[in-house]
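Following: one structure in structure tokens, then a few remarks.
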Amino acid sequence: MKTWKLVSGILSIVLFIVVAFQSCAAGLANALTENGESSGSAGIIVAIVMLAGGIVSIATRKSVGKGGNIALIVLFGLGALVGFALAGSFADLNIWAAWCLINAVLAVIAMIKRSKFDKAE
């Protein structure tokens, strides 16, 4: 799981840039069309959460405790929740929310796998 945390952390940081630019464009489109949606703002929140999750993922990839995985579950889970709930016309936000959900689920798996390993010792 150390390799996955490193790879997902780097990808999340890189994707932060893509999501942030797309969210700015979606927010501008929402403002120009005056459709009352907040999908651009939700995209910015998801982008910031992805950046924070990527940093935490890289920083805690070699940790032995559960704290890093719990932080990843909370961060990426929040990103998935906000992304799926507020996507609106910004359809790509569902893709980024799915990425956050995948990372949250893998953090749960890493935590469970680690706790089974601790019991075996």
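Computed from the coordinates by the stated procedures, all read-outs in this text should not be read as laboratory data. Fair warning: this is a prediction, and the values are worked out from it, not measured in the lab. Backbone-built Cβ (ideal geometry, glycine too); neighbour counts: all protein chains shown.
Quick look at the numbers
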| read-out | value |
| --- | --- |
| Solution diffusion estimate, µm²/s, Stokes-Einstein, the chain, Kirkwood Rh from C-alpha pairs, 20 °C, viscosity 1.002 mPa s | 147 |
| Sparse-neighbourhood loop sites, trypsin sites (Lys or Arg not before Pro) in segment 1-71 - DSSP loop, at most 10 other Cβ within 10 angstrom | 62 |
| Length-normalised contact order of the chain in % [C-alpha pairs under 8 Å, at least 6 apart] | 27 |
| Label point distance in nm, residue 41-residue 89, each placed 7 Å from Cα along Cα→Cβ | 1.7 |
| Three-way shape call for segment 41-103 based on the alpha-carbon gyration tensor, with the a/c threshold at 1.5 | prolate |
| Kyte-Doolittle mean at least 1.0 and Cα axial length at least 18 Å: DSSP H helices in the chain | 2-33, 39-59, 67-85 |
